[in-house]
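Input: a single structure, listed below in structure tokens.
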Amino acid sequence: MPTFFEPKQIATPGDLLADGDYVAGENTYKEEQGIYASRTGLVEYDNKKVSIVALKAFYIPKPGDIIIGTVAEIGFNGWTIDLNAPYEAFLRPSDVLSRPFKPQRDELSQVLDLGDLVVAKVVSYDRTHDPQITVAEPGLGKITRGQVLRITPTKIPRVIGKKGSMISMIKQETGCEIILGLNGVVLVTGKTPEAEQAAVRAILRIEEESHTSGLTDRITQMLKKEKSRLEDVKSE
Amino acid sequence: MALVIAKIKHRQIVQLVEDGKRLDGRELTEYRNVKVEQGIIERAEGSARVRLGKTDVVVGTKVELGEPFADTPGEGVLTVNVELVPLASPGYEAGPPDENSIELARIVDRGIRESKMIDTEKLCLEPGKKVYVVFVDVYVLNQGGNLIDASAIAAVSALMNTMVPGYEVEDGEFRVKPGSSSQLPVKQHPVTVTCAKIGDKLVVDPQLEEEQVMDARLSMAVDDDDKICAIQKGGSGYFSPEQVIEFAGLAVRKAKEMRKKLDW
Amino acid sequence: MNEKPERLIDKKGLRLDGRKPDQLRPIKLEVGVIPNADGSAYVEQGKNKILVGVYGPRDAHPKHLALQDRSVLKCRYHMAPFSVQERKSPAPSRREIELSKVIRESLEPAIFLELYPRTMIDLCIEVLQADGGTRCASITAASLALADSGIPMRDLVVACAAGKVDDTVVLDLMDEEDKLGSADVPVAFMPSLNAVTLLQMDGKLSQEEFEAAVNLAIDGCRQVYAVQKEALKAKYVGVKEEVDE
């Protein structure tokens, strides 16, 4: 039962990864006896499962996901939220307010206006309907400060790191609060704009170099250098 | 007539084809009955009506004077247009030609042009200034499947009975010389053969429901000397290279059969 | 107006640009060239210069064109007014409309459209300079743009044309060969699935010549396929090398 790629080798759509009694994992498909890549990415083997860790993909909602979105449209009975994904989400007033509500357009825009950012949770999604989201839980709601950036959603796990090692390190070195939306949108809130910028730069670099090794060390070094540079500036 | 085919019928057609059979009992490589009437529109310079199964197409040709194209000053102009008129199918809407009618027009045009059916140099009256322009207008009256082959037969038939008005020059002006029409000289009689891919089989002359089920279609125009002169694959499926080459042989055979059947 | 050359293949068997009958023009492919697009690619082949951008999958506009069970691929093949010898009007010609259709149909089999119902994928092909074989180069670049956007695909689609010039079957026609030769057979192919997704022809070929042309075109496709794969990997390989230093 041959395999044709080494682990962590880059494969492109249509590449034959393995032939025989294998199972098609993420970003692959099975045709006859062969497992083929459907996206560009790094090959990964897990026993009989062959997957591709995609270098670029877009977000498809799953119930329970935490996401960050922008209010794109205000309708008569709710808001349409742009998730930076193929599907837009719908937010109902009942999922925002704790009190009952008369659906009038003015009142809706006073709660959440066009361009407002929200941290939300996906309530439901299936092939026949757009995803429904809610902000009626602790930790969710309108974002009032901080910096927002977008990275390709497949890199979010890399920003989190093994057992959260990467994201804890960034939080520690910069002193920032970081919320990672699974749709690739990230919110960084820090004590100073410089601290926020450092965190943003670190995350963007992780996105670019996610397929290389020794990344955690390099990012740690980068942030430490940044921190000491800022302290030097402050002490002048 | 439904625009969306019922799933049961879909499965039925696929199963039949797998077993080498079709809805109307034909062989996989068999054409439906074809009926051609020529010269039915007196006002046109040439015309023909073709019925291929339930598909019904009328072609009228008009010959006028015009200017040649800049890059072919010594050649007449041939132009093919297709109208998928709304009465031909519940799915057709009035309006400018959409991609389907444009594609069909260009396929029919290619078969005629590349086969060199008409010697366009003979259509030149004054190089760079005045040439004959032959308009071939294809009017689809009923969409019963395989518009390509039906339209191609109708267009070729219409050109075969096209009378070109004679002109004389008076005071530098071109004027029609009454009673001096002559038959449009025709050198080839191209036949286009279309198949649909259903499952793994190729089905010649697909009827409407077969088209609704097919993965893709392949059309080849063949001239009197068994040369292939135009090809078009359509639909969002695919063919294997082996099927393409196999079909080339089949198209040449079926074109010969059709030419004999039509007495061309 | 240029003069017509007497022969398209000289006594040494070489073509107007010095190539052998089975030789491809040099090809350059680049991915990720338009920052705003979800995916993009650029191709240079002979004098062809073509840019492709992809947006989507995204909300379907207009809504009534959306399909309940899959995404809809929209494709626009368009030539810039300055891309050809005599200025071409920017309005879509019948040729561009037909090409938009056949190019779309050559790419659809490669995309897992069923995964994104009710959405639309917009593919824009802009020919900046034309030199024979624009539809093939466009398909080759469009596949890369689709892959670059992260849309899952069964395989890359690659395209190449063969034809007949002075009684010889040749690969990858340039502009003069296209205009003055006796046949042109563009072919689009998915090598992993052994699938021909675009096939057209104009000219005159015997059955045997046609078979030779198709096989030659597919051979050319396989060569270009390797270049496509390198172009997709190039973005990441470059970063890896920088980091390893």
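Details
- Looking only at region B:212-264, and only at residues there that are more than 27 Å from B:Glu37 (Cα to Cα) and of a type in the set (Phe, Trp, Tyr), the one that is farthest from the other protein chains (Cβ to nearest Cβ): B:Phe247
- In region A:125-160, of all residues being touching a helix residue (DSSP H, G or I) at 6+ places or on another chain (Cβ under 6 Å) and more than 14 Å from every other protein chain (Cβ to nearest Cβ), the one that is modelled with the lowest pLDDT corresponds to A:Ala136.
- In region C:81-106, the residues that are touching a residue at least 40 places away in the same chain (Cβ under 8 Å) and touching a Cys at 6+ places or on another chain (Cβ under 7 Å): C:Ile103
- The strands (runs of 3 or more DSSP E) falling completely within region C:151-245 that include 1 or more residues that are within 12 Å of chain A (Cβ to nearest Cβ) and modelled with pLDDT of 95 or more map to C:158-165, C:183-190, C:195-205.
- The single condition from (1) surrounded by 11 or more Cβ atoms within 10 Å (Cβ to Cβ); (2) over 18 Å from C:Leu156 (Cα atoms); (3) not acidic (Asp, Glu) that C:Gly53 fails is (2).
- Scanning region B:4-22 for residues that are in a loop (DSSP other than H, G, I, E, B) and loosely packed, with under 14 Cβ neighbours inside 10 Å yields B:Val4, B:Ala6, B:Asp19, B:Gly20.
- Region A:175-203 residues that are outside the structural domain of A:Gly161 (by TED's automatic domain parsing) and closer than 16 Å to A:Gly139 by Cβ, paired with ones that are among the hydrophobic types (A, V, I, L, M, F, W, C) and modelled with pLDDT of 95 or more (beta carbon under 9 Å, 6 or more apart): none
- Test result for A:Asp130, in contact with a Phe, Trp or Tyr (Cβ under 8 Å, 6 or more places away or on another chain), within 24 Å of C:Ser71 (Cα to Cα) and of a type in the set (D, E, K, R): yes
- For region C:152-166, the count of residues that are more than 18 Å from C:Val214 (Cβ to Cβ) and surrounded by fewer than 22 Cβ atoms within 10 Å (Cβ to Cβ) is nonzero.
- Looking only at residues in region A:146-193 that are in contact with a strand residue (DSSP E or B) (Cβ under 7 Å, 6 or more places away or on another chain) and of a type in the set (D, E, K, R), the one that is surrounded by the most Cβ atoms within 10 Å (Cβ to Cβ) is A:Lys171.
- Cβ-Cβ under 8 Å pairs, at least 6 apart or on other chains, region A:119-139 side at positive phi, far side assigned to a strand (DSSP E or B) and at pLDDT 90 or above: A:Gly139/A:Val119
- Unmet criterion (only one of (1) within 14 Å of chain A (Cβ to nearest Cβ); (2) more than 19 Å from the chain's Cα centre (by Cα)) for C:Gln85: (1)
- Hits in region C:101-145 (condition: within 14 Å of another protein chain (Cβ to nearest Cβ) and not in a helix (DSSP H, G or I)): C:Ile111, C:Phe112, C:Tyr116, C:Pro117, C:Arg118, C:Thr119, C:Met120, C:Ile121, C:Asp122, C:Leu123
- Any hit, region B:110-123, residues being free of Cβ contacts under 8 Å to residues at least 60 places away in the same chain, buried (at least 21 other Cβ atoms within 10 Å of the Cβ), aliphatic (A, V, I, L, M) and more than 10 Å from chain C (Cβ to nearest Cβ): yes
- Only one entry in A:Glu231, A:Glu207 is within 24 Å of C:Gly32 (Cβ to Cβ) and outside any loop (DSSP other than H, G, I, E, B), namely A:Glu207.
The values are calculated or read from the model by the stated rules, or taken from the named source; none is laboratory data. For clarity, every value in this text was computed on a predicted model and none was experimentally measured. Reconstructed Cβ throughout: ideal geometry from the backbone, glycine too, with neighbour counts over all protein chains shown.
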